[in-house]
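The next block holds one structure in the form of structure tokens; read it before the comments.
The values are calculated or read from the model by the stated rules, or taken from the named source; none is laboratory data. Small disclaimer: the values here were computed from a predicted structure and weren't measured. When we count neighbours, we look across all protein chains shown, and the Cβ atoms used for this are built from the backbone with ideal geometry, even at glycine.
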Amino acid sequence: MRTALTIAGADPSGGAGIQSDIKTFEAFGIIGLSAITSLTAQNRSYVKATKTVPSDFLKAQVTTLLEEFRIHAVKIGMLGSSANAATARELIREYKLKNIVLDTVLRSTGGHPLIDKKGVGAIRALLPFTTIVTPNLPEASIISGIEIENETQMEAAAKEIFSMGAPFVLVKGGHLAGEPLDILFDGKRFEYYEGKRIRGKKERFHGTGCILSAAIAAGLANRKPIKTAILEAKSYLNKTLAERS
Ligand code: PXL
């Protein structure tokens, strides 16, 4: 029995967050465990409000699971507060959790903050405790402090985030014009993942970052090497998007 834990926000619309992550884990044959960082009131178009769970209660959710389950991979998404980010870091350290995929969620697509004002610093402090981080362009830019308008700047941001302690950095280029290009940096070289742009209303793309990061975590839980996990996650995301309208 292989398991993966998602530490993320709850999305009542089911397209992002905890609800989506559990579906993704199950699609890869992995048992989905979850610890909720924040409740959200949202649909596929916008986030109306959030209510963040106190960090001691986040910790209780995870430690209670650990009494009974071995956890083979962890996906971290919306944290809600820098206190929750610090708790996630402590849990990884204390329980020697492995295969940590951090989706560096800062804001919803519509601009609603999904972590508090000190969140960027708290996420930077989490980087050395991860296996791979998956920022989109706005997140990569904020975390690295590098403006990103082209592929060279994407590479510079990936290098900078690597230097902050993340072993693998996957910068997702979907926010640039043209065909989407994701860039992976492993400390030595870059790997390029070219995609085909899928068109549609913005609701169609709600939660795509969650799906990709959860699918990578599922791959790692299934003992896949990281680059295989990324390729399989991207193909799962494309299939899921094709099935949505
Ligand atoms: O995709 C960012 C994200 C992550 N997690 C939750 C969300 C959102 C965006 O709305 O609601 C719970």
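Just a few scattered comments:
- Top-ranked residue in the range 93-112 [being hydrophobic (A, V, I, L, M, F, W, C) and either within 16 Å of the ligand (Cβ to nearest atom) or surrounded by fewer than 21 Cβ atoms within 10 Å (Cβ to Cβ) (or both); ranked as farthest from the chain's Cα centre (by Cα)]: LEU97
- Close contacts from the range 112-125, counting a first residue that is in contact (Cβ under 8 Å) with a residue 24 or more places away in the chain and a second that is away from the ligand (no atom under 16 Å from the Cβ) and not in a helix (DSSP H, G or I), with Cβ to Cβ under 6 Å and a gap of 6+ residues or different chains, come to ARG124/MET164.
One line per residue, one yes/no per condition, for (1) within 16 Å of the ligand (Cβ to nearest atom); (2) modelled with pLDDT of 95 or more; (3) within 20 Å of ALA27 (Cβ to Cβ); (4) of a type in the set (A, V, I, L, M):
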site: LEU184; (1), (2), (3), (4): no, yes, no, yes
site: GLU191; (1), (2), (3), (4): no, yes, no, no
site: ILE216; (1), (2), (3), (4): yes, yes, yes, yes
site: ALA221; (1), (2), (3), (4): no, yes, yes, yes
site: LEU231; (1), (2), (3), (4): no, yes, yes, yes
site: SER245; (1), (2), (3), (4): no, no, yes, no
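Residue-by-condition table, conditions (1) out of contact with any strand residue (DSSP E or B) (no Cβ under 7 Å at 6 or more places or on another chain); (2) more than 20 Å from GLY111 (Cα to Cα); (3) of a type in the set (D, E, K, R):
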position	(1), (2), (3)
PHE57	yes, yes, no
ILE71	no, yes, no
GLY80	no, no, no
ASN84	no, yes, no
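- Check on GLY80, buried (at least 24 other Cβ atoms within 10 Å of the Cβ), in a loop (DSSP other than H, G, I, E, B) and of a type in the set (Gly, Ala, Ser): yes
- Within the range 37-49, being surrounded by fewer than 21 Cβ atoms within 10 Å (Cβ to Cβ) and touching a Gly at 6+ places or on another chain (Cβ under 8 Å) holds for LEU39, ARG44, SER45, TYR46.
- Check on ILE143, at pLDDT 95 or above, under 19 Å from the mean Cα position of the chain (by Cα) and among the aliphatic types (A, V, I, L, M): yes
- Residue in the range 197-229 that is surrounded by the fewest Cβ atoms within 10 Å (Cβ to Cβ), counting only those that are touching a helix residue (DSSP H, G or I) at 6+ places or on another chain (Cβ under 8 Å) and free of Cβ contacts under 8 Å to residues at least 24 places away in the same chain: THR228
- Counted residues, the range 14-65 - those being among the charged types (D, E, K, R) and within 16 Å of the ligand (Cβ to nearest atom): 5
- Some residue of the range 2-14 being in a helix (DSSP H, G or I), crowded, with 23+ Cβ neighbours inside 10 Å and not acidic (Asp, Glu): no
- Screening GLY145 with (1) within 14 Å of the ligand (Cβ to nearest atom); (2) surrounded by fewer than 20 Cβ atoms within 10 Å (Cβ to Cβ); (3) on the phi > 0 side of the Ramachandran plot gives one miss only, at (1).
- Every condition in (1) within 24 Å of PRO128 (Cα to Cα); (2) touching a residue at least 24 places away in the same chain (Cβ under 8 Å) is met by ALA60 except one, and the failing one is (2).
- Residue identified as crowded, with 24+ Cβ neighbours inside 10 Å and either of a type in the set (A, V, I, L, M, F, W, C) or modelled with pLDDT of 95 or more (or both) among ALA166, ALA156, ALA122: ALA166
- In summary, ILE18 fulfils each of the numbered conditions (1) closer than 17 Å to LEU237 by Cα; (2) assigned to a strand (DSSP E or B); (3) among the hydrophobic types (A, V, I, L, M, F, W, C) with the single exception of condition (2).
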